[in-house]
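Here is the structure we will look at, set down as structure tokens.
The values are calculated or read from the model by the stated rules, or taken from the named source; none is laboratory data. Only a predicted model underlies this, so the values are computations on that prediction, with no experimental measurement involved. Note: ideal-geometry Cβ built from the backbone for every residue, glycine included; neighbour counts use all protein chains shown. Note: accessible area is taken over every heavy atom of the protein model, side chains too, but ligands, DNA and RNA are not part of it. Shrake-Rupley method; radii C 1.70, N 1.55, O 1.52, S 1.80 Å.
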Amino acid sequence: VQLQASGGGLVQPGGSLRLSCAASGPVWGLYIMGWYRQQPGKQRELVANMTWSDDTYYAGSVKDRFTISRGSAKNTANLQMNDLRPSDTAVYYCHARNTRFEYWGQGTQVTVSS
């Protein structure tokens with residue numbers, strides 16, 4: 001499985017960005033897809049994920065501001081980020097898991113700054 005992430009960039013506080021992740025290869029069985037982020041000097045943290053059955057998880061710091069969705073074929077994961085804050089600045093990584101393995105996409109930088 002390969003994960004291709006896109007989106008990210010520079011945005012002012014209060015702005016919005018959308019991250020997209022597309023999985024290719026043997027994508028059946030990817031029962032969870034989501035996004036992590038890592039800030040300099042900190043551990044990678046889970047931001048949001050969604051299961052095959054559309055159950056979602058959001059970190060407390062992004063709840064009510066970020067929305068995760070998966071495409072109908074369940075091989076894409078999008079993260080709509082609204083009301084962005086400087087504290088959201090990080091490298092964001094797409095993540096997916098099946099019953100045996102987990103997969104990571106390349107990171108995409110999100111910078112929130114005026």
Item to complete: Using the Karplus curve 6.51 cos²θ - 1.76 cosθ + 1.60 with θ = phi - 60°, work out ³J(HN,Hα) for each residue of segment 6-19 in order, rounded to whole Hz, and write x for Gly and Pro.
Response: 8, x, x, x, 9, 9, 7, x, x, x, 10, 9, 10, 9
Fill in: the chain: proportion of alpha-carbon pairs further apart than 20 angstrom, %
34
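Could you work out how much longer the chain between residue 100 and residue 85 gets when fully extended? Use 0.36 nm per residue separation minus the Cα distance between them, nm to one decimal. Working shown, then result.
Values: separation 15, 0.36 × 15 = 5.40 nm, distance 3.56 nm.
Full extension of this stretch gives 1.8 nm more.
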Worksheet item: What's the center-to-center distance, using Cα atoms, between segment 80-94 and segment 25-42 in Å?
Response: 15
Worksheet item: For segment 34-114, which trypsin sites (Lys or Arg not before Pro) are both in a DSSP coil and crowded by at most 12 other Cβ atoms within 10 Å?
Response: 42, 63, 100
Item to complete: Could you state the accessible area per residue of the chain in Å², with a 1.4 Å probe and every protein chain left in place?
Response: 53
Worksheet item: On the accessible surface of the chain, probed at 1.4 Å, how many percent belong to carbon and sulfur atoms?
Response: 49
Worksheet, complete the sentence: The answer for the longest stretch of the chain without any exposed chymotrypsin sites (Phe, Trp or Tyr not before Pro) (DSSP loop, at most 15 further Cβ atoms within 10 Å) is 53-100
